[in-house]
Amino acid sequence: MKLWGGRFEKSTDELMEQFNASIGFDRRLYNADITGSVAYAKALAYAGLITEAERDTLIDGLAQVREEFAAGTFEIKAGDEDIHTAVERRLHEIVGDVAGKLHTGRSRNDQVATDVRLFLLDAIAEVNGHLRNLQAAIVAQAESHLDTLMPGYTHLQQAQPVLLSHWLMSYFWMLQRDRERLDGCAERTAVLPLGAGALAGNALGLDRARLAEELGFRDVTPNSIDTVSDRDFIAEFLFSASLIGVHISRLAEDLVLFSTDEFGFVQVDEAYATGSSLMPQKMNPDSLELARGKTGRLIGNLVGLLTTLKGLPSTYNKDLQEDKEPLFDSVDTLVITLPVVAGVVRTLRVNKTRMAHDLSDAILATDLADYLMRRGVPFRQAHGIIGRLVRKANASCIALSQLAVKDFQAEHAAFDSDVYEVFDFVRSVEAKDAVGGTAPAAVKTQIAEAQALLNAASDD
Ligand code: ARG
């Protein structure tokens with residue numbers, strides 16, 4: 001069944017038929033499509049355009065179509081161009097000609113936009129749940145490593161000691177921003193397109209506000225021309241998904257690195273690793289590599305859609321059918337990646353000894369500069385002095401703490417024998433007690449805040 005055959009004399013080229021069809025992928029919108037149609041049938045009756053009996057017939061018929069899809073018995077037939085056509089064709093088979101009244105004043109243009117928004121609202125809730133679970137896994141690990149020291153890095157060079165929990169929590173906050181971004185996206189997605197028609201609006205007295213309420217949208221779109229081609233909400237979701245990917249990819253990269261023999265800080269559980277077909281000793285962190293790799297497709301989906309949108313003239317153009325596959329792919333990618341990464345984090349084994357062993361005195365050079373600064377030496381000058389001491393220790397192949405008091409004093413008279421107290425990693429970490437720092441007390445505050453956010457999210 002074609003929804004538009006009337007003015008055509010010839011039939012569609014077979015390849016064109018395939019090229020044009022979106023049923024292969026948009027069938028997964030069936031639930032949203034039927035939900036939208038049930039609400040639309042109610043709106044038509046409310047506007048006096050169909051009788052209540054007709055409305056009920058349509059709603060019962062749609063319920064049957066929904067059941068067929070859910071049960072996997074719905075049969076896609078030749079000519080089912082897209083999900084909207086397929087549902088209407090089947091509805092007609094079930095309820096007869098009254099099915100033809102459902103599309104009164106509606107276009108697939110406002111219909112598809114509504115369907116995708118409904119789909120995305122559910123998808124966002126699902127992705128948000130997975131993000132929350134990953135955050136919970138991070139917090140659980142952080143809580144059990146409140147006194148685990150590790151070298152903190154900048155430029156991948158040892159920089160200053162930090163708590164492992166502090167490093168872990170850094171990812172919690174990235175994901176928290178991701179969740180907030182998704183909430184914002186959901187808010188802008190929850191605006192109803194239905195009633196915009198093909199492009200010009202609805203002439204039949206449809207109560208759009210009531211329809212919006214019925215479908216759980218918070219408002220109606222303000223301009224029909226904009227409405228039928230607005231895919232900002234998808235682009236925004238794909239951006240949010242990409243940034244989630246970027247964050248996950250960075251976490252994965254840290255963990256891949258930390259799990260090498262050279263670092264040996266952590267071990268990925270066997271449940272999330274694979275072996276080599278050739279080298280019997282290998283255990284590779286494929287879970288993390290795939291998480292890192294999949295970020296490429298998340299970003300690709302965003303760039304693809306933006307490119308599709310950029311040259312479009314006003315209102316609906318068939319190019320817009322290309323919005324769905326990237327959207328579905330990004331949702332599916334996140335829905336599998338996030339729980340896998342959560343599993344890796346939850347089961348991660350940490351080698352505290354190895355991390356402590358890898359801390360060198362040089363990582364306390366900044367603390368040494370602070371020591372001088374407290375004795376009145378301007379920080380810039382102290383920085384130069386400690387730099388020279390590092391050079392001196394390196395030249396003699398000894399640790400900074402092995403320099404004699406006279407070596408220190410040769411650089412500045414403010415040094416005293418208490419300088420050796422600086423060589424204490426725990427003390428260094430404890431000193432960073434301003435909000436957001438790595439001191440155990442500050443990290444505990446972070447964790448408490450994080451718990452509150454997680455609990456608030458589970459109340460929604
Ligand atoms: N399958 C189409 C899409 O996904 C539905 C809208 C078709 N509208 C039209 N004017 N041909 O965009």
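Read-outs throughout are calculated quantities, based only on the coordinates presented, and are distinct from any laboratory measurement. It should be emphasised that the depicted structure is a prediction, and the values quoted were computed from it without experimental measurement. When we count neighbours, we look across all protein chains shown, and the Cβ atoms used for this are built from the backbone with ideal geometry, even at glycine.
Quick notes on this structure:
- Of all residues in the stretch 334-359, those satisfying the criterion of being of a type in the set (Val, Ile, Thr) and within 18 Å of residue 169 (Cα to Cα) are 341, 344, 345, 347, 350.
- Checking 191, 220, 162 one by one, the residue that is among the hydrophobic types (A, V, I, L, M, F, W, C) and buried (at least 21 other Cβ atoms within 10 Å of the Cβ) is 162 and no other.
- Residue match in the stretch 250-262 (condition: part of a loop (DSSP other than H, G, I, E, B) and under 30 Å from residue 200 (Cα atoms)): no
- Taken together, the residues in the stretch 315-332 that are within 12 Å of the ligand (Cβ to nearest atom), part of a helix (DSSP H, G or I) and crowded, with 20+ Cβ neighbours inside 10 Å amount to 4.
- Test result for residue 75, at negative phi and either crowded, with 16+ Cβ neighbours inside 10 Å or under 30 Å from the mean Cα position of the chain (by Cα) (or both): no
- Residue check, residue 398 surrounded by fewer than 19 Cβ atoms within 10 Å (Cβ to Cβ) and among the β-branched types (Val, Ile, Thr): yes
- Looking across the stretch 403-426, the residues that are free of Cβ contacts under 8 Å to residues at least 24 places away in the same chain, of a type outside the set (Asp, Glu) and in a helix (DSSP H, G or I) come down to 405, 406, 408, 409, 410, 417, 420.
- Residue 135 vs. criteria of a type outside the set (A, V, I, L, M, F, W, C), away from the ligand (no atom under 16 Å from the Cβ) and crowded, with 22+ Cβ neighbours inside 10 Å: yes
- Taken over the stretch 49-62, the criterion of being surrounded by fewer than 23 Cβ atoms within 10 Å (Cβ to Cβ) and touching a residue at least 12 places away in the same chain (Cβ under 8 Å) is satisfied by 49, 50, 54, 55, 57, 59, 60.
- For first residues located in the stretch 303-332 and at positive phi, partners that are within 15 Å of the ligand (Cβ to nearest atom) and lie 6+ apart or on another chain with Cβ distances below 6 Å form the pairs 315/199; 315/225; 315/228; 315/229.
- For the stretch 81-117, filtered to residues that are within 23 Å of residue 16 (Cβ to Cβ) and more than 11 Å from the ligand (Cβ to nearest atom), the residue that is surrounded by the fewest Cβ atoms within 10 Å (Cβ to Cβ) is 89.
- Qualifying residues in the stretch 1-39 (those that are closer than 16 Å to residue 74 by Cα and of a type in the set (Phe, Trp, Tyr)) - the one surrounded by the most Cβ atoms within 10 Å (Cβ to Cβ): 30
- Scanning the stretch 437-460 for residues being surrounded by fewer than 12 Cβ atoms within 10 Å (Cβ to Cβ) and not in a helix (DSSP H, G or I) gives a total of 1.
- Matching entry among 356, 342 (being farther than 30 Å from residue 81 by Cβ, away from the ligand (no atom under 16 Å from the Cβ), surrounded by fewer than 19 Cβ atoms within 10 Å (Cβ to Cβ) and of a type in the set (A, V, I, L, M)): 356
- Taken as a whole, the stretch 187-195 holds no residue that is in contact with an Asp or Glu (Cβ under 8 Å, 6 or more places away or on another chain), within 30 Å of residue 355 (Cβ to Cβ) and not in a helix (DSSP H, G or I).
- Search result, residues across the stretch 191-216 that are of a type outside the set (D, E, K, R) and free of Cβ contacts under 8 Å to residues at least 40 places away in the same chain: 200, 201, 209, 212
- Filter pass, residue 354 being without any contact (Cβ under 8 Å) to a residue 60 or more places away in the chain and of a type in the set (Lys, Arg): no
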